[in-house]
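Below: the structure, in structure tokens.
The values are calculated or read from the model by the stated rules, or taken from the named source; none is laboratory data. Just so we're clear, the structure is a prediction, and the values are computed from it rather than from any experiment. Virtual Cβ from ideal backbone geometry, glycine too; neighbours counted across all protein chains shown.
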Amino acid sequence: MNDRKKAEFAMFVRVDKHMDDHPLEPANAKATLYATQIANAKTVMQSASSVKETGTGEFRAAALSRRVIVRGLRTQLREIAETAKSLHRTGAQPGIHLKFRMPGATMQDLRDRAAAFVIAAEPIKQLFIDHDSAATFVEDLEDAIEAFDDATDRRYAGLGTQVGATARLTATARAGITAVRALNAIMIKRYRNNPTLLAEWMAAQRIAGWPTVPAEPAPVEGENPPASGS
């Protein structure tokens, strides 16, 4: 959670505890409904935060895997490209080096060029093996490409989990705050003759560290709302 969401979550925890510690007598059905919604918001935010952290961990682990794979893949491609240049210079395979040029700077460029190297090298791989390339160098490239693609899939899955959990946190917090504001309208009337509980309630429902944004007044029937920017 970011700092704002942490503050909102802490507020839900305080409000939920206040309602548990000070049940209304007599009970108010609407207050009970709002209190339940707030408790649910607290629970859902806890769950969504855990899911988000899981997604973040998956994203970071996959991103690290991609970097490690790319370092090895770049070394493999460079060795193949150097051998191709040698085959060209010696006249064994004139122009072959043009099929084995090193890729651009991005990871995807590297992955795509590796796939092209596989296609180009397969029919003539014995020439590379004769120049001391590993007997399995084509298969090694294919394995590296598969590992890169798997890490990419996991990276995007982790990102998707993060985004989904963040959206759930935002929607849940918004609904919970709406319930707190509705409950507040009841509680300040219920506590009008109990300054101690009123003070405790006001402290519980405040989002610590963030200014309270006053609700806009409801428009009076028959009046036009003010123009934007006025």
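Within region 171-188, the set of residues being more than 13 Å from Ser47 (Cα to Cα) and either touching a residue at least 60 places away in the same chain (Cβ under 8 Å) or basic (Lys, Arg) (or both) comprises Arg174, Ala175, Gly176, Ile177, Ala179, Val180, Arg181, Ala182, Leu183, Ile186, Met187. Screening region 1-19 for residues that are out of contact with any Leu (no Cβ under 6 Å at 6 or more places or on another chain) and farther than 26 Å from Lys30 by Cβ and picking the one that is surrounded by the most Cβ atoms within 10 Å (Cβ to Cβ) gives Met1.
Residue-by-condition table, conditions (1) of a type outside the set (A, V, I, L, M); (2) under 30 Å from Met202 (Cα atoms); (3) under 23 Å from the mean Cα position of the chain (by Cα); (4) not in a helix (DSSP H, G or I):
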site	(1), (2), (3), (4)
Lys6	yes, yes, yes, no
Ala10	no, yes, yes, no
Val15	no, yes, no, no
Pro23	yes, yes, no, yes
Ser50	yes, yes, yes, no
Thr56	yes, no, yes, no
Ala62	no, no, yes, no
Ala81	no, no, no, no
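Within the set of pairs 6+ apart or on separate chains, which have a first residue in region 43-55 that is within 18 Å of Tyr156 (Cα to Cα), a second that is of a type in the set (Val, Ile, Thr), and C-beta atoms under 6 Å apart? Close Cβ pairs satisfying both conditions: Gly55/Thr161. The set of residues from region 103-118 being in contact with a helix residue (DSSP H, G or I) (Cβ under 7 Å, 6 or more places away or on another chain) and at pLDDT 90 or above comprises Met107, Leu110, Arg111, Arg113, Ala114, Ala115, Phe117, Val118. Among the residues of region 90-97, is any surrounded by 17 or more Cβ atoms within 10 Å (Cβ to Cβ) and in contact (Cβ under 8 Å) with a residue 60 or more places away in the chain? Within region 90-97, none of the residues are surrounded by 17 or more Cβ atoms within 10 Å (Cβ to Cβ) and in contact (Cβ under 8 Å) with a residue 60 or more places away in the chain. Mind checking whether some residue in region 149-163 is acidic (Asp, Glu), modelled with pLDDT of 95 or more and either within 30 Å of Ala39 (Cα to Cα) or in contact with a helix residue (DSSP H, G or I) (Cβ under 7 Å, 6 or more places away or on another chain) (or both)? No; the residues of region 149-163 include none that is acidic (Asp, Glu), modelled with pLDDT of 95 or more and either within 30 Å of Ala39 (Cα to Cα) or in contact with a helix residue (DSSP H, G or I) (Cβ under 7 Å, 6 or more places away or on another chain) (or both). Scanning region 25-40 for residues that are under 33 Å from the mean Cα position of the chain (by Cα) and either under 18 Å from Ile188 (Cβ atoms) or among the β-branched types (Val, Ile, Thr) (or both) yields a count of 5.
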